[in-house]
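Structure first, then comments.
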Amino acid sequence: MDLKSNHCSPVLTDPAPINKSRLGIHSSLLPYSQQGASFSSSKYVTIPRKKPAKLDDVRSNGWLDAMKSSSPPRKKLIKDLSVEVALDDADIAYSSWMLKYPSALNSFDQITNYAKNKKIAIFSDYDGTLSPIVDDPDRALMSNDMRSAVRNVSKFFPTAIISGRSRDKVYELVGLTELCYAGSHGMDIMGPLSHTVSDDYPNCIKSNDQQGKEVNLFQPAREFLPMIDEVFRTLVENTKGIKGAKVENHKFCASVHYRNVDEKNWPTIAQCVHDILKDYPRLRLTHGRKVLEVRPVIDWNKGKAVEFLLESLGLSNRNDVLPIYIGDDSSDEDAFKVLREGNRGYGILVSSVPKETNAFYSLRNPDEVMKFLNSLVTWKHEAAK
Ligand SMILES: [Mg+2]
């Protein structure tokens, strides 16, 4: 497969803002700076006198730095500076970054040229990709125009949504019966009936979808259900005193949103999650966009979910298939990596700021994702004429 040369960059947590030295530009040209991101400053840390060692836990293991960088405070910075200059600087930094991760819209001809005589399969994250990131996760609704775009795409290409939310919730938000859905970062997959998959994944069982159609159901972390439920309830109880904190149960993972928590209380929320996790060695923490996520320690992720779905759809081990994965978050990096390492397809990172990523291409925001999906449909229409 003649994809572009590899430029692997290991991403262990949320795709961090790109290192300024890698861009070869002065830090002042970046849209935000990581300077001051450390919580060693007393400005950010209020260390309780009674428990002097406590916050060292979350500081030393990098949680607080990751929380700071998980969603860059771009607007705040722009507000502090001359608007005209700050926007220009941000644009320069973004343009430099796009040399490495070109816009999937600008590279559309290149993508479709490569896709000629191939079967495209579309995989997409939900939050921040098909819907805007908003303060209240319950209000992260996709627009009707986006829903139409996804529906139209699914008429031409096998399409799957792989979200960190519970599968039921993301199905409720998207509301399209034509798609495959995977929830809990790929730990809860409902896909088409496939005997090959049932043979390769012994825990895969037959089930029925919302319309009563027979499907395959694969839940590799099923044994963790009671544990996640217990942790969810403890998280709710222990964070109820922190204003703005919101805990969600995504069935096979639990998340603590701190987008609406005053920054001075972030160390408290990090310590709270850290303390609970100490009692659950089989669970681990990952960082999303202003969210701490607690997940089972299993060898499964969105990348493996893509492989599972490709096999379910009869599209694995074929040279005439081009999977495209679109996502904005750290957990999407596993899928980008699978496509990049196998030279199998294209990852597209949705980001309005430069970030380290395993994707090949970029799009700025969900609006550009919609344009890209609509362009694919138009291209397919034209090709069919
Ligand atoms: Mg997302």
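At 1.4 Å probe size, what's the solvent-accessible area of Trp63? Round to the nearest 10 Å².
30 Å²
Kindly state, to the nearest 0.05, the FRET efficiency for Leu277 paired with Val134, given R0 = 25 Å and r defined as their beta-carbon distance.
0.35
Given a 1.4 angstrom probe, I'd like the percentage of the accessible area of the stretch 224-296 that is carbon and sulfur, rounded to a whole number.
Of the solvent-accessible surface of the stretch 224-296, carbon and sulfur hold 49 percent.
Might you work out the accessible area of Phe156 for me, using a 1.4 Å probe with all protein chains in place, and round it to the nearest 10 Å²?
Accessible surface of Phe156 is approximately 70 Å².
Please work out how much length the chain gains when fully extended from Lys371 to Asp200, using 0.36 nm per residue of separation minus the C-alpha to C-alpha distance, in nm with one decimal. Before the final figure, lay out each step's value.
Numbers: separation 171, 0.36 × 171 = 61.56 nm, distance 3.70 nm.
Result for the pair: 57.9 nm of gain on full extension.
The values are calculated or read from the model by the stated rules, or taken from the named source; none is laboratory data. Source: prediction; values computed, not measured. Positions of Cβ are generated from backbone atoms using ideal geometry, with glycine treated the same way; all protein chains shown enter the neighbour counts. Surface areas here come from the heavy atoms of the whole protein model, side chains and all, with no ligands, DNA or RNA. Shrake-Rupley method; radii C 1.70, N 1.55, O 1.52, S 1.80 Å.
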